[in-house]
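To start, the structure itself, in structure tokens.
The values are calculated or read from the model by the stated rules, or taken from the named source; none is laboratory data. Just so it is clear, the model here is predicted, and its values are computed rather than measured. Because the Cβ atoms are built from the backbone with ideal geometry, glycine has one as well, and the counts that use them run over all protein chains shown. Protein only, heavy atoms only, side chains kept; ligands, DNA and RNA dropped before computing areas. Shrake-Rupley method; radii C 1.70, N 1.55, O 1.52, S 1.80 Å.
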Number of protein chains: 2
Amino acid sequence: MATALDRHIALVGFMGAGKTTLGVELAETLGRPFVDVDREVEQVGGATIPELFEQRGEAGFRKLEEWVAGVDLRTREPAVIALGGGAVLSEKTREELRANAFTVFLDVDADTAWERCQGSDRPLAQDAETFRRLYDERRPLYEHCADARAADAESAVLAAGGVHVEEEALARLAELVPGSGPVALVADAHVAGIHGPQAQAGLGTRLAATYQLPAGEPAKQLAEIEQLWRALRLDRGGTIVALGGGTATDAAGFAAATYLRGVPWVPVPTTLVGQVDAAIGGKTAIDLPEGKNLVGAFHWPAATVIDPMTLETLPEEQHRQGRAELVKTALLAGRTLDVRGAAAYKTAICLGDPHDRGRRSWLNLGHTFAHALEAGTGFELAHGDAVALGLLAALRLSGNEDGVRDVETLLDPQPVRADVERAWEAMRRDKKAADGRIRLVLLPRNGHPEWPVELPDGDVRRELERLIA
Amino acid sequence: MATALDRHIALVGFMGAGKTTLGVELAETLGRPFVDVDREVEQVGGATIPELFEQRGEAGFRKLEEWVAGVDLRTREPAVIALGGGAVLSEKTREELRANAFTVFLDVDADTAWERCQGSDRPLAQDAETFRRLYDERRPLYEHCADARAADAESAVLAAGGVHVEEEALARLAELVPGSGPVALVADAHVAGIHGPQAQAGLGTRLAATYQLPAGEPAKQLAEIEQLWRALRLDRGGTIVALGGGTATDAAGFAAATYLRGVPWVPVPTTLVGQVDAAIGGKTAIDLPEGKNLVGAFHWPAATVIDPMTLETLPEEQHRQGRAELVKTALLAGRTLDVRGAAAYKTAICLGDPHDRGRRSWLNLGHTFAHALEAGTGFELAHGDAVALGLLAALRLSGNEDGVRDVETLLDPQPVRADVERAWEAMRRDKKAADGRIRLVLLPRNGHPEWPVELPDGDVRRELERLIA
């Protein structure tokens, strides 16, 4: 299956591949439970794995393992599940994997695996020859089961979210867009002029038609979506590919979420803010005169294709706007991140909370202030600049001096001229508000977000006013 | 939890209540697997329940039962799960019920239960006095666990889908709309004049504002939804209540699906077609000049409130339109149905396939022809009249003479003047088409739908032409 949304992530691979270590890290990153099938087998069997091999023989052990793996894989709550090296020998387990999990093959070379396992009590790692024979036998099975191969948590998360980060990915769009049906390419008019031909060529014979949206925020006006809806000629076997910045992917994604009550879509973000933030996680939206993003839908992409080469043609101003989201993500993660790392962080948060009912709200760090400033400047202020200022206010309210210094150093945000009352009114009408009370994400220490935090209106307004020249 | 969408339906109640019988029927109706926890306990324990009581004592049996019930309730695939009479004694099982199931209490009086159980080998039904003591002890536990109480499959299905069919329900709207937050009432302008005041009074202090949509199909124009989106003032704690016929609930439901990326909604259908069909199952949509329902979303209602009293003020013409859907549902079910029965049938189909990937397509019996005729008459033909004709064509193609006779007798559809070419073009552009091939629901025998069926274009077109005068 294409993504791990609402599904388990199952880790398969040979002994010594590091499935447990990776599984624990992955579960922590995603906010999901971690299940180690080997440990569960020991619990259910009432003995250690070497003892179970001794008592029941390998066949008896496999039967128990198959049963335990089946129960774990059929469990409702999406988890990260590490399977024993031999679990995929069972046809039944392979079926359960197909039905219930996004399966990641954690590869390791035979020498490394043997180094890690020799001298342990693993029953099948007692001599090098048997070990290598098993390695050669099982490898094709892992490849056969796997939806993706990964070497670390970052690549596992990206694969599980259907996110491909790959230079010159545009040229491979026909392969990277899941399925084999026709594709409607919806592109930002400006971006179409730069990357359109390459994307069209990459889609090859799957390209059914190309549509343009105006560059920038005007793409998210209802009149534009209406034109797109009316022009589209897709049946449910078709896919919408959205090429452009965050506005184009928001708008085309909303069209995909609603056309024929939902067709699959693939965002192909071409700006920094799109690649690290806007195009990941399935939030789509359009604007109303009453507010940005007031109308939208959650619609997880069938895949997200990120081609970092497209950033090379990006004007410096656009880079600057994207850096604010990159810095925000790094502050939340508590470490420096490149585009791929930021995309992985956001993917993990969103996979863990696709409908924005919990930890996904962390991503709004600084955004309640940012949206207020946008409203207070009549939407003259660029989003990235607004976010940079918003981060400053949120970190000041968090008492996080390191974070404040990071933002000042990396983004250097300057107060703007804005209508304070309009900005304040927008804060109170924020989507994240409950019963009119403003709820903020705070970050007392880098890497440690808190949400929801309600502060006295006076404190919040004071910080808002500090952002306004 | 409010509905059983994507959740198990768990049946609890005293021994002799008929949980297994009802469970089997319910599972069949919903197209879900049936799980009898007692039988699973016997399998896992390797002995009958009386034997397990004997071997392990009641405490040992309960421990095993708790474990099995936990595994069943945590299973991913939504099922109908019947629990043993004493399973709810476990706090852990009650927690699993709350987390993973919509729980239905199947009530029975003590005398009936005793009559059914005495003389059996049930370990706790060996003397009348103990039996009655247990009955009195457990009853409050069932009530405490239950999301709903039901006496038969029909009421269990309605409860599980969040559908309330109740005379004078309008007066109780404040209670029947889940949650306690503010409500935006969106009403068909015509219906608002008749039932608006009653609905407003029923919502009491929860009513935040009332909005009107034009009567009939114009409600589904984008310009109307735009006005509604712009006027709405709800945060995510608010609920939209849609009052009116299928057009009002389609349109207001689409607004609910997309406003703030989705707020809860409650349709309150006031027409026959709304009560037996349009308002049930979470399909929402608006029209484009290019076609009806081309834009929409799946958005399962938090509840659906059907007040049959509202039908009393319905003009005969509206009744006639609704009867076509009622007859369609009865043909699919293979038995005569009243409003409540038809609502339950549709609820069951939709709960079993909320996103229209399988059996839900059955409900399109006759509709591909109906949509074609609507297009071919420039949308002059009323939907019910179109469906009546569409049923005739589908049943003729199915070779179902009984069904043809039923439709002729009950609905007496007459050929209409229409543009054949436009109608034919619409059939080929139908949402259910795949790669341009028309896919039909057929009904070779009443109660036995088949889907998808692809027939030669010539046969389909011939039947279409027979409907046109």
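Key figures for this structure:
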item	result
Failed item, numbered, when A:Glu51 is tested on (1) more than 14 Å from chain B (Cβ to nearest Cβ); (2) acidic (Asp, Glu); (3) surrounded by 13 or more Cβ atoms within 10 Å (Cβ to Cβ); (4) in contact (Cβ under 8 Å) with a residue 24 or more places away in the chain	(4)
Residue count for segment A:94-144, restricted to those that are open to solvent by 30 Å² or more (accessible area, probe 1.4 Å) and among the hydroxyl-bearing types (Ser, Thr, Tyr)	3
Residues of segment A:112-149 satisfying the condition of being over 15 Å from A:Gly13 (Cβ atoms) and free of Cβ contacts under 8 Å to residues at least 24 places away in the same chain	A:Gln118, A:Gly119, A:Ser120, A:Gln126, A:Asp127, A:Ala128, A:Glu129, A:Thr130, A:Arg132, A:Arg133
Residue list for segment B:158-186, restricted to those being open to solvent by 10 Å² or more (accessible area, probe 1.4 Å), in contact (Cβ under 8 Å) with a residue 40 or more places away in the chain and not in a strand (DSSP E or B)	B:Ala159, B:Glu166, B:Glu167, B:Glu168, B:Leu176, B:Pro178, B:Gly179, B:Gly181, B:Pro182
Test: A:Thr247 is closer than 24 Å to B:Arg429 by Cα and either of a type in the set (S, T, N, Q) or in a loop (DSSP other than H, G, I, E, B) (or both)	no
Residue list for segment A:401-429, restricted to those being touching a residue at least 24 places away in the same chain (Cβ under 8 Å), of a type outside the set (Asp, Glu) and under 18 Å from A:Thr336 (Cα atoms)	A:Gly403, A:Val407, A:Leu410, A:Leu411
Matching residues in segment B:345-375 - criterion: being of a type outside the set (Val, Ile, Thr) and open to solvent by less than 10 Å² (accessible area, probe 1.4 Å)	B:Ala348, B:Cys350, B:Leu351, B:Arg360, B:Ser361, B:Leu365, B:Gly366, B:Phe369, B:Ala370, B:Ala372, B:Leu373, B:Glu374
Segments classed as helices (runs of 4 or more DSSP H), wholly inside segment B:32-147, with at least 2 members that are β-branched (Val, Ile, Thr) and out of contact with any Pro (no Cβ under 9 Å at 6 or more places or on another chain)	B:37-45, B:49-74
Any chance B:Gly262 is in contact (Cβ under 8 Å) with a residue 40 or more places away in the chain and either within 14 Å of chain A (Cβ to nearest Cβ) or closer than 22 Å to A:Leu288 by Cβ (or both)	no
Set A:Ala257, A:Ala330: member being touching a Ser or Thr at 6+ places or on another chain (Cβ under 6 Å) and surrounded by 24 or more Cβ atoms within 10 Å (Cβ to Cβ)	A:Ala257
Qualifying positions in segment A:220-244 - assigned to a loop (DSSP other than H, G, I, E, B), more than 10 Å from every other protein chain (Cβ to nearest Cβ) and under 18 Å from B:Ala285 (Cα atoms)	A:Leu234
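Quick grid of which residues meet (1) buried (at least 21 other Cβ atoms within 10 Å of the Cβ); (2) outside the structural domain of A:Pro218 (by TED's automatic domain parsing); (3) free of Cβ contacts under 8 Å to residues at least 12 places away in the same chain:
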site	(1), (2), (3)
A:Thr336	no, yes, yes
A:Gly341	no, yes, no
A:Ala386	yes, yes, no
A:Gly399	no, yes, no
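Every residue, every condition in (1) over 16 Å from A:Ile225 (Cβ atoms); (2) of a type in the set (A, V, I, L, M, F, W, C); (3) assigned by TED's automatic domain parsing to the domain that holds A:Ala426, yes or no:
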position	(1), (2), (3)
A:Gly237	yes, no, no
A:Val241	yes, yes, no
A:Ala251	no, yes, no
A:Tyr259	no, no, no
A:Val266	yes, yes, no
A:Thr271	yes, no, no
A:Asp277	yes, no, no
A:Ile280	yes, yes, no
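This table checks each residue for (1) surrounded by 23 or more Cβ atoms within 10 Å (Cβ to Cβ); (2) away from chain A (no Cβ under 14 Å); (3) among the acidic types (Asp, Glu).
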{"site": "B:Gly253", "(1), (2), (3)": "yes, no, no"}
{"site": "B:Leu272", "(1), (2), (3)": "yes, yes, no"}
{"site": "B:Ile280", "(1), (2), (3)": "yes, yes, no"}
{"site": "B:Lys283", "(1), (2), (3)": "yes, no, no"}
{"site": "B:Asn293", "(1), (2), (3)": "no, no, no"}
{"site": "B:Phe298", "(1), (2), (3)": "no, no, no"}
{"site": "B:Pro301", "(1), (2), (3)": "yes, yes, no"}
{"site": "B:Thr304", "(1), (2), (3)": "yes, yes, no"}
{"site": "B:Gln318", "(1), (2), (3)": "no, yes, no"}
